[in-house]
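Before I ask anything, let me first share the structure, which is written out below as structure tokens.
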Amino acid sequence: MSEPSDRRRNIRIQVPVLARVEGEGALEIHARDGHIQHLCLRIFEPPRYFEKFLEGRGWEEIPDIVARICGICPVAYQMSAVQAVEQAFAVQPSRWVRDGRRLLYCGEWLQSHALHIHLLALPDFLGFDNAIAMAAEHPDTVRRGLGLQQLGNDLIRMFGGRSVHPVGVRVGGFHRAPAQADIQALRSRIQAALKDAEDLVTFTAALPLPADEQTFVSVSLRHEEEYPMNGGRIVSDRGLDISPEDYEAHFEEYHQPHSTALYSRLHGQPYLVGPLARLNLNHDRLSPRSREALSATGLTLPSRNMFHSLIARAVELLEALVEADRLLADHAPPDSPWSEVTPRESEGIGCTEAPRGLLWHRYRLDAAGRVISARIVPPTAQNQGRMEADLRHSLEHFGLDQNDESLKLRGEMVIRNYDPCISCATHFLKVRVTRA
Amino acid sequence: MKPRISVHKFSSCDGCQLAFINAGEALLELATLVDIVHFAEAGPVDPDAPVDIAFVEGSISTQDEALRIRRLRETTRYLISLGACATAGGLQALRNFNARGVEDWSHAVYARPEFIESLDTATAIARHVKVDLELWGCPVSTRQVFAAIRRLLYGALPFVDNEKVCQECKRRGITCTLVTRGIPCLGPVTRTGCGALCPAFGRDCYGCFGPGENPNAAAMARRFQGLGLLPEEINRRFHFINSHAPDFLEEGLAWREDRP
């Protein structure tokens with residue numbers, strides 16, 4: 001279905017269902033006279049009102065409720081939530097709990113990044129419609145990816161029983177500590193996978209990634225010592241450096257009629273969160289092994305090309321394995337896997353790095369620890385404004401004289417760079433439902 | 001010709017589709033046994049194509065979804081609901097209590113059937129179209145889903161285990177959290193399938209696989225009361241992930257403090 005190559009023609013592209021993204025979205029582009037007139041990333045996934053029905057629920061229930069916002073990153077929701085509730089109750093989890101949570105998060109980054117690279121993004125670059133078709137011609141590449149994904153899931157399983165909606169996390173720590181034998185067995189598998197992850201970094205950097213430099217603001221957590229996951233200050237490459245408690249003073253959300261997710265702005269501008277933003281701001285915090293793999297790719301940071309997010313994901317996947325190996329080596333069984341907590345009337349804020357970027361939670365709790373109000377700002381909603389700006393720029397740069405099929409594919413590739421999780425993005429919105 | 005299958009998403013977290021996407025090598029093997037004609041997250045998009053088995057994740061919470069599920073029913077021979085949202089409305093069905101509850105609590109207590117067609121609600125697939133097989137769980141597991149597919153491919157009826165978590169827990173030799181520690185565990189009334197995961201972690205089962213066969217929910221609730229739970233807390237035990245599974249719905253309503 002190729003179209004005449006006239007860049008002044010009227011272009012109307014509709015992608016009613018975006019494939020290989022998590023959740024439901026669509027893309028609409030209208031262009032004429034060589035310029036994009038209208039572009040919108042429609043997010044029509046229905047809202048599920050999590051913030052509303054959290055109200056009145058007990059503090060013990062929060063980790064099990066928020067996990068259900070997203071099947072792909074339930075750990076991230078649990079991590080931000082328990083951090084917020086622990087702040088509210090003034091509980092300081094033990095060193096063992098802190099390490100265990102970082103391990104659990106390593107598992108989620110590993111499975112989520114492996115899933116995205118291999119099943120969602122890679123078919124675009126190797127010329128297939130999907131990973132199953134791709135597996136016929138690139139069996140080793142796909143198997144390596146599925147193996148890394150499996151390993152990430154098994155790491156989550158060790159701390160949470162299952163990889164989707166794990167049951168091990170509680171406010172104050174974990175319900176149970178893993179068995180020492182399981183830790184040893186998993187550590188051997190992690191060590192064996194390090195080489196695969198290094199190869200994956202080299203492999204992603206060798207892909208024919210489009211050159212598409214743009215101007216954007218990167219935002220992520222930054223920790224004093226570590227690559228950020230469960231803590232740190234919120235920083236940007238334009239000098240922002242704030243505590244997560246001050247988030248609401250700098251970031252605002254607004255609503256567009258075509259989306260059931262809110263948009264976020266930092267000082268009035270769209271911004272980027274996620275692997276590339278994190279790497280741009282924190283590459284000096286990587287372990288020596290990941291830094292070496294990164295420098296061998298020749299990638300210069302900060303990068304202004306969103307297609308490099310694929311490499312950033314591979315580097316973070318390697319970092320998650322290196323970190324998991326280090327933390328498991330030091331692992332000793334705890335006296336107790338959790339600290340006792342006492343509810344009190346208060347407010348708490350939690351902010352962690354989900355695989356897709358900054359995930360900010362705030363809870364107000366009553367004296368019995370029941371939720372009075374909750375606010376959750378997921379990464380995909382924060383990236384929404386940036387995604388639309390990127391699409392406009394990328395498609396005009398790509399050339400509106402390209403045929404519709406190529407424009408559609410390029411648009412989808414741009415969106416997949418953000419690994420949007422649309423299920424997450426919509427679930428916090430309070431919209432009024434109109435009855436038919 | 002290979003049997004054709006499809007995977008459809010409605011209001012959900014995407015977690016049940018991961019039963020396929022996390023299956024690893026088994027997913028590649030599945031693709032040799034069947035044609036996957038629609039599965040947007042994995043790549044193939046052809047939502048209206050006729051299929052032999054359609055897997056449905058998520059509950060119905062918009063007018064569009066209500067129309068879409070009817071169209072889907074016409075194009076599939078066999079329809080399988082995947083997980084708590086599709087089978088009982090899921091966690092988001094909690095909003096069904098709030099929709100009118102604030103204005104008129106009596107509606108929330110008595111007006112169950114009226115919720116069904118309203119778009120203020122999130123409802124199970126079977127409230128809208130015939131469902132041939134219900135797979136419970138939040139989330140369903142790869143084992144559950146692939147076992148059902150295997151059986152269907154070989155012309156056998158899928159086996160649905162209605163046993164309780166409690167029985168599986170005993171077989172695994174896990175110390176009972178309810179009896180020994182007085183923790184309000186829902187294992188005695190909840191369907192098995194998770195491997196008694198929560199008790200194995202020393203915590204309470206929270207009912208994510210929905211009610212088992214003939215659960216004695218009333219006795220369970222009285223036991224919770226004996227442990228010192230307030231009516232509001234007992235209500236919340238039942239009105240959680242499977243709040244609209246009939247046995248849990250009724251028992252939860254019985255402990256609502258605003259019940260006239």
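The values are calculated or read from the model by the stated rules, or taken from the named source; none is laboratory data. The structure presented is a predicted model; accordingly, all values stated were derived computationally and were not measured. No Cβ is skipped: glycine too gets one built from the backbone with ideal geometry, and neighbour counts run over all protein chains shown.
Would you check which residues across the stretch B:1-15 are more than 7 Å from chain A (Cβ to nearest Cβ), buried (at least 24 other Cβ atoms within 10 Å of the Cβ) and of a type in the set (A, V, I, L, M, F, W, C) and list them?
Those that are more than 7 Å from chain A (Cβ to nearest Cβ), buried (at least 24 other Cβ atoms within 10 Å of the Cβ) and of a type in the set (A, V, I, L, M, F, W, C): B:5, B:7, B:10.
Within the stretch B:22-44, track down each residue that is among the hydrophobic types (A, V, I, L, M, F, W, C), farther than 21 Å from residue A:152 by Cα and facing chain A (nearest Cβ under 8 Å). Give the derivation first.
Residues of the stretch B:22-44 that are among the hydrophobic types (A, V, I, L, M, F, W, C), as a first pass: B:23, B:26-28, B:30-31, B:33-34, B:36-37, B:39-40, B:42.
Retained after the next criterion (residues that are farther than 21 Å from residue A:152 by Cα): B:30-31, B:33-34, B:36-37, B:39-40.
Residues satisfying the conditions are B:31, B:36, B:40.
Here's another thing I want to ask about it. Could you please find all residues in the stretch A:199-216 being surrounded by 15 or more Cβ atoms within 10 Å (Cβ to Cβ) and touching a strand residue (DSSP E or B) at 6+ places or on another chain (Cβ under 6 Å)?
A:212, A:216
So, in the stretch B:204-260, how many residues would count as being among the acidic types (Asp, Glu) and within 15 Å of residue A:60 (Cα to Cα)?
Counting residues in the stretch B:204-260 that are among the acidic types (Asp, Glu) and within 15 Å of residue A:60 (Cα to Cα) gives 3.
Return yes when residue A:322 is of a type in the set (Val, Ile, Thr) and over 19 Å from residue A:221 (Cα atoms) and no when it is not.
Yes, satisfied.
On the given criteria, is residue B:19 more than 12 Å from chain A (Cβ to nearest Cβ), buried (at least 24 other Cβ atoms within 10 Å of the Cβ), among the hydrophobic types (A, V, I, L, M, F, W, C) and under 17 Å from the mean Cα position of the chain (by Cα)?
So residue B:19 fails the test.
Run residue A:188 past the list (1) at pLDDT 95 or above; (2) in contact with a helix residue (DSSP H, G or I) (Cβ under 8 Å, 6 or more places away or on another chain) and report the number of the one that doesn't hold.
(2)
Among (1) under 30 Å from residue B:206 (Cα atoms); (2) at the interface with another protein chain (Cβ under 10 Å from one of its Cβ atoms); (3) surrounded by 24 or more Cβ atoms within 10 Å (Cβ to Cβ), which single condition is residue A:173 missing?
Looking at each condition in turn, residue A:173 falls short on (2).
Taking the stretch B:21-63 as the region of interest, how many residues are on the phi > 0 side of the Ramachandran plot and in contact with a Lys or Arg (Cβ under 7 Å, 6 or more places away or on another chain)?
So the answer is 2.
Identify, from the list A:219, A:235, A:273, the residue that is touching a residue at least 12 places away in the same chain (Cβ under 8 Å), β-branched (Val, Ile, Thr), touching a strand residue (DSSP E or B) at 6+ places or on another chain (Cβ under 9 Å) and surrounded by fewer than 22 Cβ atoms within 10 Å (Cβ to Cβ).
A:235
Right, something else. Please tell me if residue B:49 is modelled with pLDDT of 95 or more and more than 8 Å from every other protein chain (Cβ to nearest Cβ).
Answer is yes for this residue.
For the condition over 22 Å from residue A:216 (Cα atoms) and of a type in the set (Gly, Ala, Ser), what is the one hit in A:367, A:354?
A:367
Need a quick list: helices (runs of 4 or more DSSP H) entirely within the stretch A:32-150 having at least 2 residues that are farther than 27 Å from residue A:247 by Cα, more than 12 Å from every other protein chain (Cβ to nearest Cβ) and of a type outside the set (Ser, Thr, Tyr). First the steps, then the outcome.
Details: elements: A:50-54, A:62-67, A:74-88, A:95-115, A:122-126, A:131-137.
In the stretch A:32-150, A:95-115, A:122-126 are the helices (runs of 4 or more DSSP H) which contain 2 or more residues that are farther than 27 Å from residue A:247 by Cα, more than 12 Å from every other protein chain (Cβ to nearest Cβ) and of a type outside the set (Ser, Thr, Tyr).
Also: With respect to residue B:94, determine if the residue is buried (at least 19 other Cβ atoms within 10 Å of the Cβ), over 16 Å from the mean Cα position of the chain (by Cα), among the aliphatic types (A, V, I, L, M) and in a helix (DSSP H, G or I).
Here the answer is no, as residue B:94 does not meet what is asked.
Is it true that residue B:27 is within 24 Å of residue A:128 (Cα to Cα) and surrounded by fewer than 19 Cβ atoms within 10 Å (Cβ to Cβ)?
So residue B:27 does not fit the description; no.
Given the criteria farther than 19 Å from residue A:318 by Cβ and at pLDDT 95 or above, does residue A:111 qualify?
No; evaluated as a whole, the condition is false for this residue.
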